[in-house]
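Engineer: Below are the structure tokens for one structure; questions will follow.
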Amino acid sequence: MKVYAANVKKYEENRHLVCGIAKAGAYITVEYISHSRSGTRHALLAHRDGIVWHTCQANENKRPCWHLGMAASLWDWSVPVDVTCHLEQRVLNYLWWDATQDYLGRPGNFQLVAIKTTGEAAPEPPPVTEEPEIPIPDEDAWLKEYKLPARLLEKVIRFREAQKARLSEEQKARIPKPRYISSENELRVAVAALLYGENGENWEAPLLIGPKSSGKSTLAETLAAILRLPVAQKVFGGTDVNAEWLLGGKTLQPVEGVDPVVEAKLKIAARQAGIDLSDVLPKLKQANFRIAHEAGLLLQAVQAGEMVIVDEVNMLAPEVTSLLHGLLDWQKVLTVPGLGTVKAPESFRLVSCMNYGYSGTKELNEAFQDRFRSVQVPHLPEEQMAALLVRETGCERDVAERLASLFHKLANRVENGDLPERILSARALMRAVRECRDGCGDLKEAAMSVLTEGLGDKYARDQVKDIVEACLV
Ligand SMILES: Nc1ncnc2c1ncn2[C@@H]1O[C@H](COP(=O)(O)OP(=O)(O)OP(=O)(O)O)[C@@H](O)[C@H]1O
Ligand SMILES: [Mg+2]
């Protein structure tokens, strides 16, 4: 299994969770505390003869994980890493002592929860403090599915209650449905970023990064649903998005006016009725139009305190991304030429999505990306992928399971560098189900067709065909 730069980056983000590194001979094991209810977790790693033995949930699902990134950082690997099997409990039993100093060249920045040397019983780990139960209003019961930590859930509920009082019926109708299925920590950290601070006042915009069809846009909408925020029209990155479209511009607006004939008639009528028009007439005689600022899409959303979703943000021109800087800083202001500085109300939020490597995309400017909380959105693991297919297409469970297994076999080949990443698409699986149901062939034919017809490379096409042939007998 390869260790990608993204894994190492994820380790850098999770470094504070590492609480123990133990070594026995050529074996090394690493333990970390997660913030989840489940408390301490083991990320088991052993290093021997240039081969790393490792097991964890992500690894069992045949996906790269941050533990490998961590190991790569600690050991500065220059050899290929081969994840071949899971360690057995008996190996684990003599792995426990703190070897942080050996590996990091400094004491660990952690409290060791368990030290065990060969033959000695391990001390009991400290009890995991139970999180308090947060009362959730009945209408918000669906939030439980996302298993937010207590403090965060409490902030979410407070924000939702405030929103209830703020929104009009028209705005409520624009709140998306929560359709995202979360497989790792990505939804939780994105919600946390949107509510940094006691009352969410230090919020930061999440930047959802992940492969094609991994659910980034669905997650962005689900974040809006969780915060009960209406979404205005989405901003899709592209060359046609410009400052005027986002901020608006000057327009002529009709104002009340009066022509000379009407004026004469009014004067006669007023004289007969004994009314004095001298104050009113000058106002009526002003020009019939005035110059006004017509708000663009972004400005409207900022003024209304709604959620803006900027999809494919790495396809925006730099002149456009620079407009967003002020909104992403702590000041949370939008500068509009001709109108001045507009302060975003406390409910305003922004979420961006991007996919590395699409044609037309570019590397994000570092200063721009640093203003976001970057969040990796992975493909769903096999079981959840099958559940998604059942939910989205209504297909039989066994059809979904076969397709999900095919997807993960393809994902393995992509990880090994044998196939291009673009063949992995949850959308393609849904198409296969739909075409098969409409009689365009059996499941194998439909899957083969949707997965290969977009591939220009004959070798990749043949590879995919072989895998489909083997998986969907
Ligand atoms: N984790 C997930 N939860 C819910 N739906 C998902 C998930 N992953 C994929 N999907 C489904 O896959 C399809 C594509 O999802 P979505 O458009 O959100 O992906 P994306 O990452 O934004 O794709 P792209 O990179 O092409 O913009 C949708 O039908 C969506 O429902
Ligand atoms: Mg998308």
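The values are calculated or read from the model by the stated rules, or taken from the named source; none is laboratory data. Predicted model, so just to flag it, every value in this text is computed and none were measured. All Cβ positions, even for glycine, are placed from backbone atoms using ideal geometry, and neighbour counts span all protein chains on display.
Engineer: Let me confirm something: among R413, R402, which residue is at pLDDT 85 or above and surrounded by 16 or more Cβ atoms within 10 Å (Cβ to Cβ)? Break it down stepwise before answering.
Structural biologist: Working: R413 fails: at pLDDT 85 or above.
Result of the check over R413, R402: R402.
Engineer: A follow-up question, please. Filter the stretch 176-199 down to residues that are away from ligand 1 (no atom under 12 Å from the Cβ) and out of contact with any Lys or Arg (no Cβ under 6 Å at 6 or more places or on another chain), then give me how many there are.
Structural biologist: Just the residues of the stretch 176-199 that are away from ligand 1 (no atom under 12 Å from the Cβ), to begin with: 185, 188-199.
When the remaining residues are screened for being out of contact with any Lys or Arg (no Cβ under 6 Å at 6 or more places or on another chain), the result is 185, 188-192, 196-199.
Of the residues in the stretch 176-199, 10 are away from ligand 1 (no atom under 12 Å from the Cβ) and out of contact with any Lys or Arg (no Cβ under 6 Å at 6 or more places or on another chain).
Engineer: So, one more: Can you confirm whether A232 is among the small types (G, A, S), in the same structural domain as V333 (by TED's automatic domain parsing) and within 19 Å of F348 (Cβ to Cβ)? Steps first, answer last, please.
Structural biologist: Numbers: among the small types (G, A, S): yes; in the same structural domain as V333 (by TED's automatic domain parsing): yes; within 19 Å of F348 (Cβ to Cβ): yes.
The answer is yes for A232.
Engineer: Something else about it: If a residue has to be of a type outside the set (V, I, T) and within 30 Å of P378 (Cβ to Cβ) to count, how many in the stretch 316-329 make the cut? Spell out the reasoning first.
Structural biologist: Our first condition is that a residue be of a type outside the set (V, I, T); within the stretch 316-329, this holds for 316-319, 322-329.
From the residues that got through so far, the ones that are within 30 Å of P378 (Cβ to Cβ) too are 316-318, 324-325, 327-329.
Final tally of qualifying residues: 8.
Engineer: Can you report the number of residues in the stretch 309-341 which are in a strand (DSSP E or B) and either under 14 Å from Q369 (Cβ atoms) or within 16 Å of ligand 1 (Cβ to nearest atom) (or both)?
Structural biologist: The number of residues fulfilling the criteria is 3.
Engineer: Look through the stretch 353-389, keep the residues that are of a type in the set (S, T, N, Q) and more than 30 Å from Q331 (Cβ to Cβ), and return whichever of them is modelled with the highest pLDDT. Step through it out loud before you land on a result.
Structural biologist: First, the residues of the stretch 353-389 that are of a type in the set (S, T, N, Q): 355, 359, 361, 365, 369, 374, 376, 384.
Of the ones still in play, those that are also more than 30 Å from Q331 (Cβ to Cβ) are 359, 384.
Numbers: S359: 47, Q384: 91.
This residue is Q384.
Engineer: If you go through the stretch 201-210 one residue at a time, do you hit one that is without any contact (Cβ under 8 Å) to a residue 60 or more places away in the chain, assigned to a loop (DSSP other than H, G, I, E, B) and surrounded by fewer than 20 Cβ atoms within 10 Å (Cβ to Cβ)?
Structural biologist: First, pick out the residues of the stretch 201-210 that are without any contact (Cβ under 8 Å) to a residue 60 or more places away in the chain: none.
No, the conditions are met nowhere in the stretch 201-210.
Engineer: With (1) more than 8 Å from ligand 1 (Cβ to nearest atom); (2) in a loop (DSSP other than H, G, I, E, B) as the list, and A225 as the residue in question, which single condition is left unmet?
Structural biologist: The single condition A225 does not satisfy is (2).
Engineer: Among the numbered criteria (1) of a type outside the set (D, E); (2) touching an Asp or Glu at 6+ places or on another chain (Cβ under 8 Å); (3) surrounded by fewer than 19 Cβ atoms within 10 Å (Cβ to Cβ); (4) farther than 16 Å from V310 by Cβ, which one does L266 miss?
Structural biologist: Every listed condition holds for L266 apart from (2).
Engineer: Looking at this structure, is K216 within 16 Å of ligand 2 (Cβ to nearest atom) and at pLDDT 85 or above?
Structural biologist: Here the answer is yes, as K216 does meet what is asked.
Engineer: Kindly evaluate I157 against the criterion of being among the aliphatic types (A, V, I, L, M) and part of a loop (DSSP other than H, G, I, E, B).
Structural biologist: no
Engineer: Here's another thing I want to ask about it. What about T239, is it over 30 Å from P420 (Cα atoms), modelled with pLDDT under 80 and of a type in the set (S, T, Y)? Write out each step before concluding.
Structural biologist: Working: over 30 Å from P420 (Cα atoms): no; modelled with pLDDT under 80: yes; of a type in the set (S, T, Y): yes.
In short, no.
Engineer: Within the stretch 433-472, how many residues are in a loop (DSSP other than H, G, I, E, B) and more than 20 Å from M385 (Cα to Cα)? Spell out the reasoning first.
Structural biologist: Let us first name the residues in the stretch 433-472 that are in a loop (DSSP other than H, G, I, E, B), namely 438-442, 453-457, 472.
If we keep only those that are more than 20 Å from M385 (Cα to Cα) as well, we get 438-442, 453-457.
Number satisfying all stated conditions: 10.
Engineer: Further question on the same structure: State whether the residues of the stretch 332-349 include one that is modelled with pLDDT of 90 or more, of a type in the set (S, T, N, Q) and within 23 Å of R158 (Cβ to Cβ).
Structural biologist: Within the stretch 332-349, one or more residues are modelled with pLDDT of 90 or more, of a type in the set (S, T, N, Q) and within 23 Å of R158 (Cβ to Cβ).
Engineer: Keeping to the stretch 389-423, report how many residues are of a type in the set (G, A, S), touching a residue at least 40 places away in the same chain (Cβ under 8 Å) and assigned to a helix (DSSP H, G or I).
Structural biologist: Residues of the stretch 389-423 that are of a type in the set (G, A, S), as a first pass: 394, 400, 404-405, 411, 417.
Imposing the further condition that a residue be touching a residue at least 40 places away in the same chain (Cβ under 8 Å) reduces the set to 405, 411, 417.
Those still in the list that are assigned to a helix (DSSP H, G or I) too: 405, 411.
Residues flagged as of a type in the set (G, A, S), touching a residue at least 40 places away in the same chain (Cβ under 8 Å) and assigned to a helix (DSSP H, G or I) within the stretch 389-423 amount to 2.
Engineer: I would also like to ask the following. What is the number of the single condition among (1) surrounded by fewer than 19 Cβ atoms within 10 Å (Cβ to Cβ); (2) without any contact (Cβ under 8 Å) to a residue 60 or more places away in the chain that Q384 does not meet?
Structural biologist: (2)
Conditions tested, residue by residue: (1) within 16 Å of ligand 2 (Cβ to nearest atom); (2) touching a residue at least 60 places away in the same chain (Cβ under 8 Å); (3) in contact with a Gly (Cβ under 9 Å, 6 or more places away or on another chain).
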| position | (1), (2), (3) |
| --- | --- |
| G296 | no, no, yes |
| A304 | no, yes, no |
| I309 | yes, yes, no |
| N314 | yes, yes, yes |
| P318 | no, no, no |
| Q331 | no, no, no |
| L334 | no, yes, yes |
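Engineer: Something else now. Would you mind stating whether E366 is within 16 Å of ligand 2 (Cβ to nearest atom) and without any contact (Cβ under 8 Å) to a residue 40 or more places away in the chain?
Structural biologist: Numbers: within 16 Å of ligand 2 (Cβ to nearest atom): no; without any contact (Cβ under 8 Å) to a residue 40 or more places away in the chain: yes.
Criteria not met by E366.
Engineer: Can you confirm whether the stretch 159-175 contains a residue that is of a type in the set (A, V, I, L, M) and within 12 Å of the chain's Cα centre (by Cα)? Show your work before the answer.
Structural biologist: Going residue by residue through the stretch 159-175, those that are of a type in the set (A, V, I, L, M) are 162, 165, 167, 173, 175.
From the residues that got through so far, the ones that are within 12 Å of the chain's Cα centre (by Cα) too are none.
No: the stretch 159-175 contains no residue that is of a type in the set (A, V, I, L, M) and within 12 Å of the chain's Cα centre (by Cα).
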